[in-house]
1. Which of the following residues is in contact with a His (Cβ under 9 Å, 6 or more places away or on another chain) and either at negative phi or in a loop (DSSP other than H, G, I, E, B) (or both): Ile101, Ile92, Ile119?
2. Which residues, counting only those in region 134-171, are small (Gly, Ala, Ser) and within 19 Å of Val225 (Cα to Cα)?
3. Test Ala65 against the stated conditions and say whether it is touching a helix residue (DSSP H, G or I) at 6+ places or on another chain (Cβ under 7 Å) and over 29 Å from Arg194 (Cβ atoms).
4. For a quick check of your reading of the model, give me the residue pairs whose first member lies in region 133-159 and is at negative phi, whose second is of a type in the set (Gly, Ala, Ser) and open to solvent by 20 Å² or more (accessible area, probe 1.4 Å), with beta-carbon atoms closer than 8 Å and at least 6 apart or on different chains.
5. Looking at Lys128, Lys132, Lys93, Lys150, which is the one that is within 16 Å of the chain's Cα centre (by Cα) and basic (Lys, Arg)?
6. Looking at (1) open to solvent by 60 Å² or more (accessible area, probe 1.4 Å); (2) among the aliphatic types (A, V, I, L, M); (3) in contact with a Ser or Thr (Cβ under 7 Å, 6 or more places away or on another chain), find the lone condition where Val235 falls short.
7. Which of the residues belonging to region 238-252 are touching a strand residue (DSSP E or B) at 6+ places or on another chain (Cβ under 6 Å) and surrounded by 11 or more Cβ atoms within 10 Å (Cβ to Cβ)?
8. Checking Gly14 against (1) on the phi < 0 side of the Ramachandran plot; (2) buried (at least 17 other Cβ atoms within 10 Å of the Cβ), which single condition isn't satisfied?
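The values are calculated or read from the model by the stated rules, or taken from the named source; none is laboratory data. On a predicted model such as this, the values are computed, not experimentally measured, just so you know. As a convention, Cβ positions derive from the backbone with ideal geometry for all residues, glycine included, and neighbour counts pool all protein chains shown. To get the accessible areas, we keep the full protein, side chains included, count just its heavy atoms, and leave off ligands, DNA and RNA. Shrake-Rupley method; radii C 1.70, N 1.55, O 1.52, S 1.80 Å.
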Amino acid sequence: MQNELDLYDITIVGGGPAGLFSAFYSGMRSMKTKLIEASPYLGGKLNSYPDKMIWDVGGQPPIKAKQLARQLIEQAMTFDPTIVLNQQIQDIKRTREGYYIIQSRTGECHLTRTIVLSIGYGAKSAIKLSVKDADKYENSNLHYTVTDLKQYKGKRVLISGGGDSAVDFANALYGIAHDVMVVHRRNKFKGHERSVETLLTNRIRVKMPFAVKRLEGDQARINAVEIDQVDEKGVFLNRCEHVKVDAVIVNH
């Protein structure tokens, strides 16, 4: 098999920002480069929130995720690396000659002198809302990411979560949505301090420590959410509030 495979100087596993820049820099060193990505597209997690502003890239002013992904991909293609999509790596073996054979879950093999793992947190999967009937509304107005800010124009939006994504989405929707409420089960946000300061300056409604307890709606859409205060262990305290909504965004 080894004799049939094309030998690369370097094979990068992962097509997110780190993997894309690795592909560019490998080309700068005149290395024969291959990049393997498990998803059907490059860009990694940037594709999960295309309209989200990215603030913390060195030498780059704040930029939308979709623009950053586009620029990274364009830069990575400068020296024509080989790109392989839809292949998740399952096994790596070393040959007698000191090379590596990388095998994907679907059986394809790749031969390389060197491997760079740029897999970050791995394939992204949302932490689902553990509330009865939540899955029923995933195709209507329950969302786990924001792909288009304009769809929330003039709407009442409840965001569940307290990390960077929840805080950033709340700030991005301020002035677009009619009303934004952030519900977080802790007493303190986990997002970047400056982003949290902006959230509070914008006077976005915040409920802490609260969590979503129940979704109210018909067969098609959520119309309201029941939120309840929780203790440090996440146990509901039966101090419920009823909130009318047009959309729910979950970022746990």
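1. Ile101
2. Residues satisfying the conditions are Ala134, Ser140, Gly154, Ser160, Gly161, Gly162, Ala166, Ala170.
3. Numbers: touching a helix residue (DSSP H, G or I) at 6+ places or on another chain (Cβ under 7 Å): yes; over 29 Å from Arg194 (Cβ atoms): no.
No; evaluated as a whole, the condition is false for this residue.
4. Close Cβ pairs (under 8 Å, with a partner that is of a type in the set (Gly, Ala, Ser) and open to solvent by 20 Å² or more (accessible area, probe 1.4 Å)) amount to Tyr137/Gly217; Ser140/Ala220; Tyr144/Ala126; Thr145/Ser48; Thr145/Ala126; Thr145/Ser165; Val146/Ala172; Leu149/Ala172.
5. Working: Lys132 fails: within 16 Å of the chain's Cα centre (by Cα); Lys93 fails: within 16 Å of the chain's Cα centre (by Cα); Lys150 fails: within 16 Å of the chain's Cα centre (by Cα).
Answer to the selection: Lys128.
6. Result: Val235 fails condition (3) only.
7. Within region 238-252, Cys240, Glu241, Val243, Lys244, Val245, Asp246, Ala247, Val248, Ile249, Val250 meet the criteria.
8. Only one criterion is unmet by Gly14, namely (1).
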